[in-house]
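Notes to accompany the following structure.
The values are calculated or read from the model by the stated rules, or taken from the named source; none is laboratory data. Keep in mind that this is a model prediction, so the values were computed, not measured. Counting neighbours? That spans all protein chains shown, and the Cβs are built from the backbone with ideal geometry, glycine included. Surface accessibility is based on the protein's heavy atoms, side chains included, excluding ligands, DNA and RNA. Shrake-Rupley method; radii C 1.70, N 1.55, O 1.52, S 1.80 Å.
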Amino acid sequence: MTKPNTSERLLALSGLSGRVVFAAALAGYFWSSALTKFDGLGVSAGAFVQIFPRQMEAVGYDSAALPFYALPVVLAGSVAELVLPALLLAGLATRLSALAMIGFILVMTLTDIFGHGVTADTLGTWFDRFSDGVLDHRALWVGLLAGLVLSGGGYLSLDRWISRARVRQARAETSAACTTSRPRRRNRPAMPEPMDHRKGRGDWSG
């Protein structure tokens, strides 16, 4: 296996660093939020309130009165909030998981704005001297995840281990194929040694 060059090493280090920062800053937040959406083996009423706030208010907080698509959406969102951070921490399907998390954060932000009615003061604005707004925080989250989309899982990730295992397997199969396709050398019969006609002749001299 060829040794990685400097750019590949930096990219792998960037992926590992991004996953460590995600684990330290965001994984616990998403898992804590996801656990509030489950009630035993089912989805809690609070999950419907978080994802469909206005609709739940309109039906008197009776989740059974929501449209048919509400339960699959809430269930998918709750499971994604549990599974996607775990995939990122393990470095499995890192790029796809990070991209899905970006989509999740965008949907969450839109729900906060149009569903929960987050005020402008709480929402904040970009390019100002304050960094405590919701948009400021979410932009940092998306920036971190975008870096993982570009770099992948990096060092100590399952993606890296699987990739190397596939390379080793492909090389082993190629080596085996070359060995079996190589024609075998046939052993040629040994040539008889030339007879020395001088042997066995009598000495007629004398």
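List of remarks:
- Rolling a 1.4 angstrom probe over region 15-168 with all protein chains present gives an accessible area of which 69% lies on carbon and sulfur atoms.
- Ranked by how many other beta carbons lie within 10 Å on average, peptides 152-163, 169-180, 131-142 from highest: 152-163, 131-142, 169-180
- In Hz, Karplus ³J(HN,Hα) per residue of region 51-60 (6.51, -1.76, 1.60; θ = phi - 60°; x = Gly, Pro): 9, 10, x, 5, 5, 5, 5, 5, 9, x
- Packing, taken as the mean count of other beta carbons within 10 Å per residue, orders the peptides 98-104, 25-31 from highest to lowest as 98-104, 25-31.
- Long hydrophobic helices in the chain: the complete DSSP H runs spanning 20 Å or more by Cα along their own axis with mean Kyte-Doolittle hydropathy of at least 0.0 are 6-22, 70-90, 94-110, 134-151.
- Per residue value of the accessible surface for the chain (all protein chains in place, 1.4 Å probe), Å²: 71
- Sorting the segments 83-93, 109-119 by their mean number of nearby beta carbons within 10 angstrom, highest to lowest, gives 83-93, 109-119.
- For residue 140 and residue 155, the difference between the fully extended length at 0.36 nm per residue and the C-alpha to C-alpha distance is 3.1 nm.
- Shape of region 68-157, Cα gyration tensor, a/c cut at 1.5: oblate
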